[in-house]
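The values are calculated or read from the model by the stated rules, or taken from the named source; none is laboratory data. None of the values given here were measured: they were computed from a predicted structure. Ideal geometry is used to build each Cβ from the backbone, glycine not excepted, and the neighbour counts take in all protein chains shown. Please note that ligands, DNA and RNA were not included when accessible areas were found on the heavy atoms of the full protein model with its side chains. Shrake-Rupley method; radii C 1.70, N 1.55, O 1.52, S 1.80 Å.
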Amino acid sequence: MPETPPNRIPLAQIVNPRSIAVIGASDDAGKFGGRVIHYLIRHGFPGMLLPINPVRATIRGLPAWPSVAAAPGPIDVAVLAVPAAALLREVEACAAAGVGACVVITGKLADAGEAGAALESEVTAVARAAGMRLVGPNCLGLFNVTDAAMLSSSLALEVERVKPGGIGMVSQSGALMGALVSLGHRHGAGFSRCVSVGNQADLELCDFLEFLIEDPATRVITLYVEGLKEPARFAPLLRRARTAGKPVLCVKAGRSEAGAQAARSHTASLAGSHAAFAALCRDAGAVLLDDPAVMVLAADVLDRLGGLPRAGMGVAVVASSGGSTVTTTDMLAGFGLRTATMSDATRAEMARWMPPSHVHLPLDTGSFHDNTSEEALRGCLRAFMADPDIGAVLVPMTTQPAMAKRAAMLPPLAREGDRPLLYVMMAGEVGDAARDAMRAADFPWFDHVAQALAVLRALEAEAAGRDRATLAPPARPAGLALAEGLPSGALTEAEAKRLAAGYGIPVTRESFAATEAEAAAAAEAIGFPVVLKGVSRAVVHKSDLGLVKLGLGDTGAVRAAHAALRAAPLPLDGVLVQEMACGEAELILGARHEPGLGAFVLVGTGGVLVEVLRDVQLAPAPLRPADARAMLRRLALWPVLEGVRGRPALDVEAVIDALVRLSWLATDLGERLVEMDLNPILLRAAGEGCIAVDARATLR
């Protein structure tokens, strides 16, 4: 095969080109090509602009060229806004003319069926053979706000000016990117570079993520992800961003796991690709959000406000309305937040300005002594900004006299301290003057309390990501050994347990029995009571088919159970005689390999209702003991593990050890592991350990 030629220009020159050809340029801003040239001129592109139109001598006062071949070069970037039928011809012309890269706005390619996919493949092959890069197709181009290079037809550019700032964005949806930039513009947010990658035929999301990590104009990175072309690159890039001190906020489309219902194991159905993506983001220090609008508003706070809180710090709510203070405080818990506990110094400052009965959080400024409102507010906010347990101050403002004047007080006070202050203008259009005051002060604001609380939750997650980056890498326990001779495909319970036991995970004592006599002898050796199980590689849930016989207390019961299992109307690989273990709680431990993302482990409430309760946590492997403990603490079952209502505290250390060992098993198996369940793991009282009583696994 011939070698691929080197790329004609670096990615940085695509984002910040010196010369741009617009193929399909028009005077009509109602057309894609017309809008591209209109916005490049409107937003002050400083380089050479070359409209390409075969029938016009000028476009918007600029000389037009009949073809890209006729235009003066060199041309860094060509923006193609042409019908799909003309795309291949124009890309070939760009390749022949030495164009460095094409931004392909044209849609209806791989996103529109087999014929479109074939055309996209042809276009990509032509570009690759020439060393010419592609952005798109089916994209809305890019906004380089820092350098005034707006290579896009998005109506978000209809404003007079997009504010430069530190927010970078990569989005697989061009329309959503435009909407988010427009939302940010309304709130006074500033952007550096925003890139719509579309179908990612050549340049993909990770390429631009890497660019933003190195880009000095970008301080915060936002991502809208539908699918990763090279998923193995993603987590290392997130960690690079964390090392560079750049927060990454992400929204991932496609949270439903419809295909998981057909999976063989509990782990596969509970730890689908979106759950794995979320766990990977958390492990790498990125913040995964559900709402793209919250992503941009949180990025704005990270960009414009300093003094980020430590993870777990409390919130101080301050308002002049008793109703808004109470309802806002009531909402904190729903966002995983808490009201701060004030220090003695903070209480003393509050006591200067209000009756003793009102010295508490939330702070209702209506309780200030007469004629002290502004001075008291300044004193209390300064105290809050210095309080060691207050991570953020939230100020929801209802309709009141002098709203704009009161709002204007807040930015200087916030900038004196080292805590973020989030201002919410709850009123409608009567609050516009207060919003204008915030814009004039270059300070973020919100329209809804729920938005501000979601942003605070994102700041909390960002703080946790910063803390996580300081941890030492996972350490491998001693004495781990992969079992040899295991087949590919579905393993029997005994084979799966042999795999687990090789990594030091406690499993039940058991023995195969071909006859009733062998079963009776095995039961005698193990000790009554015992369990008998019918073993079949084809069966996932043995109990549903009556293949589990529990609590067998003597030889006669064992013989009868063996005979009943052998009479089952399906072929068995054998009968397993197993000790009858007991415990105080049932957990599930699972592992799987997610293609492109690597090995993951799962822990949750186990037993037959595991998929109904769905009380599980997932994390990339391998784990530190602290990671395993954090997973357990996030379970709804955690209070039971600590001991409740007179029940003993359970052996959390034992299950932490088992989960860490399983994580190394998953890491070592790598792509060979499809999935593995240890369900249930019976957890006993503290100091008494845990034991896996059932297991299944599938290997490639």
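Of the candidates 391, 322, the single residue that is in contact with an Asp or Glu (Cβ under 9 Å, 6 or more places away or on another chain), under 18 Å from residue 419 (Cβ atoms) and touching a residue at least 24 places away in the same chain (Cβ under 8 Å) is 391.
Being open to solvent by 30 Å² or more (accessible area, probe 1.4 Å), without any contact (Cβ under 8 Å) to a residue 12 or more places away in the chain and closer than 30 Å to residue 605 by Cβ holds for only one residue in 330, 283, 344, and it is 330.
Residues in the range 372-388 that are in a helix (DSSP H, G or I), open to solvent by 60 Å² or more (accessible area, probe 1.4 Å), touching a residue at least 24 places away in the same chain (Cβ under 8 Å) and more than 19 Å from residue 441 (Cα to Cα): 386 alone.
Take the residues of the range 347-361 that are closer than 14 Å to residue 375 by Cβ and part of a helix (DSSP H, G or I): which is least open to solvent (accessible area, probe 1.4 Å)?
My answer is 350.
Screening residue 335 against (1) open to solvent by 40 Å² or more (accessible area, probe 1.4 Å); (2) touching a Ser or Thr at 6+ places or on another chain (Cβ under 8 Å) leaves a single unmet condition, (2).
Residues are listed down the side, and each one gets a yes or a no for (1) more than 30 Å from residue 630 (Cα to Cα); (2) of a type outside the set (D, E, K, R):
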| residue | (1), (2) |
| --- | --- |
| 435 | yes, no |
| 441 | yes, yes |
| 453 | no, yes |
| 463 | no, yes |
| 469 | no, yes |
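Here residue 369 fulfils each of the conditions (1) over 29 Å from residue 290 (Cβ atoms); (2) modelled with pLDDT under 95; (3) open to solvent by less than 60 Å² (accessible area, probe 1.4 Å) apart from (3). Against the test of being over 30 Å from residue 216 (Cα atoms) and open to solvent by less than 40 Å² (accessible area, probe 1.4 Å), the options 87, 40 yield a single qualifying residue, 87. Among the residues of the range 433-466, those identified as open to solvent by 50 Å² or more (accessible area, probe 1.4 Å), more than 16 Å from residue 302 (Cα to Cα) and in a helix (DSSP H, G or I) are 433, 436, 439, 440. Without any contact (Cβ under 8 Å) to a residue 60 or more places away in the chain and under 23 Å from residue 658 (Cβ atoms): does that describe residue 501? So residue 501 passes the test. Would you check if residue 554 is farther than 27 Å from residue 697 by Cβ and of a type in the set (Asp, Glu)? The answer is yes for residue 554.
Give the residue that is modelled with the lowest pLDDT, with candidates limited to residues of the range 539-569 that are under 44 Å from the mean Cα position of the chain (by Cα) and of a type in the set (A, V, I, L, M). So, considering only residues that are under 44 Å from the mean Cα position of the chain (by Cα) and of a type in the set (A, V, I, L, M), the one modelled with the lowest pLDDT is 540. From the list 5, 17, the one residue that fits, being under 18 Å from residue 99 (Cβ atoms), in contact with an Asp or Glu (Cβ under 6 Å, 6 or more places away or on another chain) and not in a strand (DSSP E or B), is 17. Quick one: is residue 192 hydroxyl-bearing (Ser, Thr, Tyr) and modelled with pLDDT under 95? Here the answer is no, as residue 192 does not meet what is asked. In the set (1) more than 29 Å from residue 217 (Cα to Cα); (2) open to solvent by less than 40 Å² (accessible area, probe 1.4 Å); (3) of a type in the set (A, V, I, L, M, F, W, C); (4) in contact with a helix residue (DSSP H, G or I) (Cβ under 9 Å, 6 or more places away or on another chain), the condition left unmet by residue 21 is number (1). Quick check, is residue 673 touching a residue at least 40 places away in the same chain (Cβ under 8 Å) and over 16 Å from residue 610 (Cβ atoms)? Spelling it out, residue 673 is indeed touching a residue at least 40 places away in the same chain (Cβ under 8 Å) and over 16 Å from residue 610 (Cβ atoms). The residues of the range 456-515 that are β-branched (Val, Ile, Thr) and over 30 Å from residue 295 (Cβ atoms), listed by number, are 492, 505, 507, 508, 515.
Need a quick list: helices (runs of 4 or more DSSP H) entirely within the range 492-589 having at least 2 residues that are closer than 25 Å to residue 604 by Cα and open to solvent by 30 Å² or more (accessible area, probe 1.4 Å).
Answer list for the range 492-589: 493-501.
Scanning the range 455-470 for residues that are of a type in the set (D, E, K, R) and farther than 15 Å from residue 283 by Cα yields one hit, 457. Scanning the range 16-24 turns up no residue that is touching a strand residue (DSSP E or B) at 6+ places or on another chain (Cβ under 9 Å) and free of Cβ contacts under 8 Å to residues at least 40 places away in the same chain. Any idea how many residues of the range 96-132 are open to solvent by 10 Å² or more (accessible area, probe 1.4 Å), hydrophobic (A, V, I, L, M, F, W, C) and in contact (Cβ under 8 Å) with a residue 24 or more places away in the chain? So the count comes out to 8.
Out of 484, 429, I need the residue that is without any contact (Cβ under 8 Å) to a residue 60 or more places away in the chain, closer than 30 Å to residue 334 by Cα, surrounded by fewer than 15 Cβ atoms within 10 Å (Cβ to Cβ) and more than 32 Å from the chain's Cα centre (by Cα). Which one? Walk me through how you get there before you give the answer.
Working: 484 fails: closer than 30 Å to residue 334 by Cα.
Matching residue, one of 484, 429: 429.
With the condition kept exactly as written, say whether any residue in the range 402-418 is in a loop (DSSP other than H, G, I, E, B) and surrounded by 16 or more Cβ atoms within 10 Å (Cβ to Cβ). Yes: the range 402-418 contains one or more residues that are in a loop (DSSP other than H, G, I, E, B) and surrounded by 16 or more Cβ atoms within 10 Å (Cβ to Cβ). Taken together, the criteria exclude residue 74 from residues that are farther than 24 Å from residue 15 by Cβ and surrounded by fewer than 21 Cβ atoms within 10 Å (Cβ to Cβ).
Residue count for the range 467-481 under the criterion of being free of Cβ contacts under 8 Å to residues at least 40 places away in the same chain and either open to solvent by less than 60 Å² (accessible area, probe 1.4 Å) or at positive phi (or both): the result is 2. Scanning the range 39-54 for residues that are within 36 Å of the chain's Cα centre (by Cα) and free of Cβ contacts under 8 Å to residues at least 40 places away in the same chain returns no hits.
Would you mind stating whether residue 102 is outside any helix (DSSP H, G or I) and out of contact with any Gly (no Cβ under 6 Å at 6 or more places or on another chain)?
Working: outside any helix (DSSP H, G or I): yes; out of contact with any Gly (no Cβ under 6 Å at 6 or more places or on another chain): yes.
It is true that residue 102 is outside any helix (DSSP H, G or I) and out of contact with any Gly (no Cβ under 6 Å at 6 or more places or on another chain).
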